[in-house]
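Below is one structure, written out as structure tokens; the observations come after it.
Throughout, read-outs are computed from the coordinates displayed, never taken from laboratory work. Quick caveat, the model's predicted, so the values are computed rather than measured. Quick reminder, even Gly has a Cβ in these numbers, built from the backbone with ideal geometry, and neighbours come from all protein chains shown.
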Amino acid sequence: MVLAAFVALAALAACGSSPARSASSAVTVSASASSRPAGPGAFPITVKTTTGLVTISAQPRRIVSLSPTATEDLYAAGAGPQVVAVDQTSDYPAGVPKTTLNGTDPNVEAIAAYDPSLVIAAEDAGGLVAGMKKLGVPVLIEPAAATLPAAYAEIEQIGQATGHAAKADTVITGMEAQITADLKKAGTTHSDLSYFWEVSASPYYSATSQTIFGQIAGMFGLKNIADKVATAASGGYPELTEEYIVASKPQIIFLTDNDPGDGGQTPAIVAARPGWSGIPAVRNHEIIALNDDIAARWGPRLPQLVAAIAAAVESASKSSS
């Protein structure tokens, strides 16, 4: 389920179902790790986060993650065995120690009950950093990444902070290789193709090129129909009228509201919307149902999102030729 993952984009949660998630999304991450490699014996280290410098005295053995993306980053980097609790919206990989903890409305006492040596969250909500500081527990704030380099930087920082710098670097290298291969295969000059990125329906919210997802689509040269109507207040996730979407005639429609909790939209439902039959994406069956969670997070599964977009681009190119 996506929508609270987008609150990591608006209020930085990770799985819910409301366009409120679109309010304050694209946050550039300045996540530079310490100046020395962080293996198990390289502590203490100091990392720079959006809330200031955070010193971690020893390799954390009990990690609490309050962000689905951070949870994925932790397990990808090899820190899974150190994770003792994750928030209620973390659902990947399978078997994570899911709890009722809430990343958007954190309860310091409930978090402290897990005796953490490190807490990772997408935002400093409810006085989280100050509350944990009183208990002597460091907190890393890893907000919604606005670019691929920012997403890589968060993985690198989490690797540094948990004693898995080398593994994190390997993850990043693999991501870059996969994405480069898909870009090469599908091509990057598709400025003749436009798309609509559906975050939600009734009302319709979209993602612009200022978001990480819009930037990824932009790497293929695709034109985003939401860019023309975006405002600074929309935070990269503007509301679009149905009339505007229909009139824009996008050649591709990407759905990120497929799951029941996110709206339950499907290509068939979209195709049956009154007045949508004339949209090229509908007429040519280029309505792409993306994995809602992958399309709302900025972690190690981003290459899967790129691959799905690449496949859609290749198909749409044939349909329009």
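Some points to look at:
- Other residues within the sphere of radius under 15 Å centred on the Cβ of Ser320, judged by their own Cβ, net out at +1 (K and R +1, D and E -1).
- Dipole of the stretch 27-165 [Lys/Arg +1, Asp/Glu -1 at C-beta], most positive-end residue of Thr99, Thr69, Ala112: Ala112
- The stretch 27-165, dipole about Cα centre (Lys/Arg Cβ +1, Asp/Glu Cβ -1), debye to the nearest 20: 460
- For Gly78, residues with placed amide H under 5 Å, excluding near neighbours: none
- Additional length obtainable on full extension of the chain from Ala271 to Phe43, 0.36 nm per residue less Cα span: 76.5 nm
- The H on the amide N of Val83, modeled in the peptide plane, is under 5 Å from the matching H of Ile63, each at least 5 residues off or on a different chain.
- Here the simple spin-label model places points 7 Å from the Cα toward Cβ, and for Thr51 and Glu242 these points are separated by 4.3 nm.
- Model label points for Thr188 and Asn284, set 7 angstrom from Cα along the Cα-to-Cβ axis, are 2.3 nm apart.
- Neighbour-count ranking [beta-carbon atoms within 10 angstrom, fewest first] of Ile294, Ile155, Ile141: Ile294, Ile141, Ile155
- The stretch 117-217: C-alpha gyration tensor shape, a/c 1.5 cut-off, then a/b vs b/c: oblate
- Charging the Cβ of each Asp and Glu at -1 and of each Lys and Arg at +1, and nothing else, the dipole of the chain about its Cα centre rounds to 520 debye.
- Highest average packing first - 70-81, 244-255, Cβ atoms within 10 Å: 70-81, 244-255
- Distant-in-sequence amide contacts of Ala289, defined by a placed amide H-H separation under 5 Å and a gap of 5 or more residues or a different chain, comprise Leu255.
- Among 42-50, 190-198, 270-278, 235-243, the order from most to least packed when residues are scored by Cβ within 10 Å on average: 190-198, 235-243, 42-50, 270-278
- Backbone HN-Hα couplings from phi across the stretch 147-155 [Karplus 6.51/-1.76/1.60, Hz, Gly and Pro as x]: 9, 4, x, 5, 5, 4, 4, 5, 4
- Angstrom value of the Kirkwood radius, inverse mean 1/r, which spans all Cα pairs in the stretch 27-165: 14.5
- Residue order, fewest to most beta carbons within 10 Å, for Thr211, Thr89, Thr173: Thr173, Thr89, Thr211
- Out-of-range pairs (alpha-carbon distance over 18 Å; input Lys185/Lys249; Lys223/Lys249; Lys185/Lys318): Lys185/Lys249
- Sum of side-chain charges, Gln251 neighbourhood, beta-carbon under 13 Å (Lys, Arg +1; Asp, Glu -1): +1
- Kirkwood hydrodynamic radius (C-alpha pairs) into Stokes-Einstein, the chain, 20 °C and 1.002 mPa s, D in µm²/s: 108
- For the stretch 262-321 versus the stretch 99-128, the gap between their alpha-carbon centres in whole angstrom: 35
- Derived scalar couplings between HN and Hα for the stretch 115-125 equal 6, x, 9, 7, 10, 10, 9, 8, 7, 8, 8 Hz in order, rounded to whole Hz, by the Karplus curve 6.51 cos²θ - 1.76 cosθ + 1.60 (θ = phi - 60°), x for Gly and Pro.
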